[in-house]
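I have placed the structure first, in the form of structure tokens, so that the comments after it can refer back to it.
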Amino acid sequence: MTGCAGFQSNQISFISPDTNAVVKPEIITYSITKDSTYGALGIFDDALISEMNSYGWKLRQNPAAKNGVSHLQIGLSLSKDPAALLPAMLTGLSLYLIPSWETSNYKLTANFLDANGDEHYYEFRDKTVLVQWLPMLLAFPFAYPFSTEEELIKKMYNNLAYKISKDRTISPQLTNQSTRRQ
């Protein structure tokens, strides 16, 4: 048993696949950079592939874009306040009688270069809070702290897949407003 519970700020919500946003199957090459000094962020490539597949995109990992093939370059970063370590130690020493919390800020950026050469930029931000306090024993089964990060990143990937698919189905007049890669 532990007195920890994880909570999402829910700045991003999960979007159910919209049949209007599902594209005809198309292959996209992709590359991911993960930036974290905390050793977190694990390997979430399976979540990305699953979410993109739900909208009809077939991903193949490749670090560089090729002419005529859509390419997705993703940056995923995590930042925390290192000063939260001191209160966490105090919480542990007090046997969880003194509360503490730690906020983790996540940022997902993506550059999508479609097969026509149009470039689209996407950015999503959200955060989780880990609360350490003895009364969190009651919340622990419902706010399991170790799955919070995975659920949040899956929601970010879900929103990315939705936005890319929605942009792809926009009329050609609006597509010309996107930035072209030179």
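The values are calculated or read from the model by the stated rules, or taken from the named source; none is laboratory data. The shown structure was predicted, so the numbers you read here are calculated from the model rather than taken from an experiment. Counting neighbours? That spans all protein chains shown, and the Cβs are built from the backbone with ideal geometry, glycine included.
ILE49 satisfies every condition listed in (1) at pLDDT 85 or above; (2) assigned to a strand (DSSP E or B); (3) within 22 Å of THR148 (Cα to Cα) except (2). Residues of the range 130-165 that are more than 22 Å from ALA88 (Cβ to Cβ) and of a type in the set (S, T, N, Q): ASN158, ASN159, SER165. Taken over the range 57-78, the criterion of being among the hydroxyl-bearing types (Ser, Thr, Tyr) and either closer than 17 Å to PHE44 by Cα or touching a Phe, Trp or Tyr at 6+ places or on another chain (Cβ under 6 Å) (or both) is satisfied by SER77 alone. Restricted to the range 85-97, and to residues there that are in contact (Cβ under 8 Å) with a residue 24 or more places away in the chain and surrounded by 14 or more Cβ atoms within 10 Å (Cβ to Cβ), the residue that is nearest to LYS127 (Cα to Cα) is ALA88. Just one of the numbered conditions (1) touching a residue at least 60 places away in the same chain (Cβ under 8 Å); (2) surrounded by 16 or more Cβ atoms within 10 Å (Cβ to Cβ) is not true of LYS107; which one? Checking LYS107 against (1) touching a residue at least 60 places away in the same chain (Cβ under 8 Å); (2) surrounded by 16 or more Cβ atoms within 10 Å (Cβ to Cβ), the one that fails is (1).
There is at least one residue in the range 59-69 that is within 25 Å of LYS166 (Cα to Cα), at pLDDT 85 or above and surrounded by 15 or more Cβ atoms within 10 Å (Cβ to Cβ). Condition (residue is part of a strand (DSSP E or B), crowded, with 19+ Cβ neighbours inside 10 Å, in contact with a Phe, Trp or Tyr (Cβ under 9 Å, 6 or more places away or on another chain) and acidic (Asp, Glu)) applied to the range 112-124: is it met by at least one residue? No; the residues of the range 112-124 include none that is part of a strand (DSSP E or B), crowded, with 19+ Cβ neighbours inside 10 Å, in contact with a Phe, Trp or Tyr (Cβ under 9 Å, 6 or more places away or on another chain) and acidic (Asp, Glu). Considering LEU174, LEU130, LEU134, which residue is under 22 Å from LYS80 (Cβ atoms), among the hydrophobic types (A, V, I, L, M, F, W, C) and either modelled with pLDDT of 75 or more or more than 18 Å from the chain's Cα centre (by Cα) (or both)? Answer to the selection: LEU130.
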